[in-house]
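Structure first, commentary second.
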Amino acid sequence: MIEKKLKWGYTTGSCAAAAAKAATILLLFNQKTKQISLQTPKGIVLQLNLECCEWQGEKAVCAIKKDSGDDPDVTNGILIYAMAEKIESGIVIDGGEGIGRITKKGLQQQIGEAAINKVPKEMIKQCVQEICTLADYPKGIAITIFAPEGAEIAKKTYNPKLGIVGGISILGTSGIVEPMSEKALLDSIKVELNMKVANSNGNLILTPGNYGSAFLKSYFDIDIEEAVKISNFIGETLDFIKTLAVDSVLIVGHIGKLVKVAGGVMQTHSKYADCRREIIGVHAAMAGVDSKTIQAIMQSITTEQALLLLKQQNTEIFKKTMQTILQKIIEHIKNRIGEQIQVDVVVFSEKLGILAQSNGVETFLKKYKQ
């Protein structure tokens with residue numbers, strides 16, 4: 001089968017820079033453009049169509065429609081505007097309606113600044129400076145980036161968790177969106193980890209997903225926003241944490257995900273590996289369960305079903321099985337993250353609650369809540 005080549009797109013940063021360039025042309029040359037050329041940091045030259053190019057009083061306003069290509073992106077199709085106006089000196093760049101504001105440490109911008117990242121800001125500045133030079137304009141330009149749909153769109157992004165309020169971020173390092181959704185998700189996880197470390201005392205709570213977040217709230221009264229959802233990227237998350245100032249990590253996860261880690265699987269998506277029943281069966285055998293029960297475990301559809309079978313057969317064997325699985329989970333995590341970071345783990349299921357937890361969990365929670 002021939003795979004379809006995925007279509008590339010361009011970032012909100014490219015949209016903002018192109019809109020700013022067109023707005024500056026209108027401001028200084030009184031020239032409305034239908035298409036604008038933009039050199040991206042990746043070296044690709046974009047020819048972008050203007051959706052708006054008009055005067056608003058003495059200010060010039062232009063807009064570019066975001067195109068994410070085949071990358072799943074909630075900002076796809078929204079309009080990114082730039083407003084240009086003359087000032088006495090310098091090139092001043094800020095965010096307006098629908099562009100988020102920073103409220104927490106750990107991001108590229110300072111608290112109170114607009115969520116316009118370093119590379120897009122530099123792109124905007126270069127575009128504006130280029131037009132000022134062509135126009136032989138000696139004074140300054142103020143650029144305001146805004147996105148009327150931004151506040152609503154931002155609710156579907158990581159921004160609220162990152163402490164970016166009121167809108168979307170203007171992002172991009174290459175100017176081009178490559179359709180790699182896993183990479184985009186992992187990059188978002190890394191940004192959130194950086195932010196959490198900058199705003200904590202060196203203790204992190206990780207969970208693969210929504211089940212873990214809900215469990216944290218119901219069992220430990222920890223707000224779901226305090227945990228970093230790391231999806232299936234167990235190993236890559238641990239690798240990144242090693243580069244941060246982290247003292248201890250608590251990993252809270254459903255048995256369906258974390259049992260794979262007991263087998264050394266660090267990318268837990270089903271397309272990479274599924275050894276759940278095998279791991280439960282082996283550990284149950286080591287705990288002394290009979291072969292008939294192992295056969296029933298191997299025929300189970302879910303881990304929940306397998307564990308219910310085991311518990312109904314023998315409660316003590318069930319407990320021993322969960323303890324050895326927990327030990328293996330911790331062993332593989334420590335092998336990946338190193339001994340310098342304290343690791344604690346809670347494994348749970350929806351029907352049975354806490355299945356096993358390491359001895360340091362209560363100490364971690366006390367320290368975390370201080």
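Taken together, the values in this text are just the output of simple stated rules run on the coordinates, not laboratory data. Nothing here was measured: the structure is a model prediction, and the numbers come from that model. Cβ placement follows ideal geometry from the backbone for every residue including glycine, while neighbour counts extend to all protein chains displayed.
Side notes on the structure shown:
- Spin-label pair LYS32/GLN110, simplified geometry with 7 Å Cα→Cβ offset, distance in nm: 4.0 nm
- In the chain, the longest principal axis of the Cα atoms and the axis of helix 181-198 are about 90 degrees apart.
- Antiparallel content of DSSP bridges confined to the chain, in %, to 5: 65 percent
- The relative contact order of the range 228-370 comes to 31 percent, based on Cα pairs under 8 Å that sit 6 or more residues apart.
- Only the Cβ atoms of Lys and Arg (+1) and of Asp and Glu (-1) were treated as charged; on that basis the dipole of the chain about its Cα centre amounts to roughly 540 debye.
- As a calculated quantity, the FRET efficiency between GLU97 and SER200 at R0 = 30 Å, using C-beta atoms, amounts to about 0.40.
- Charge dipole (the chain, unit charges on Cβ, about Cα centre) - positive-most of GLN299, ILE330, ALA16: GLN299
- GLN56 versus LEU352: modelled label distance in nm, points set 7 Å from Cα along the beta carbon direction: 5.9 nm
- Projected label points at GLN267 and ASN335, each 7 Å from Cα along the beta carbon direction, are separated by 1.8 nanometres.
- About its Cα centre, the dipole of the range 60-115 is roughly 220 debye, where the only charges are +1 on Lys and Arg Cβ and -1 on Asp and Glu Cβ.
- With K and R counted +1 and D and E -1, the other residues having a Cβ less than 10 Å from that of GLY98 yield a net charge of -3.
- Dimensionless Rg over Rh [the range 181-369; C-alpha; Kirkwood]: 0.97
- Cα-based shape type of the chain, given that a ≥ b ≥ c are square roots of the gyration tensor eigenvalues and the cut on a/c is 1.5: prolate
- Cα long-axis angle, helix 315-337 against the chain (0 to 90 degrees, to the nearest 10): 40 degrees
- Estimated 222 nm signal from helices in the chain, with DSSP H stretches of n ≥ 4 weighted -39500 (n - 2.57), rounded to 500: -12500 deg cm²/dmol
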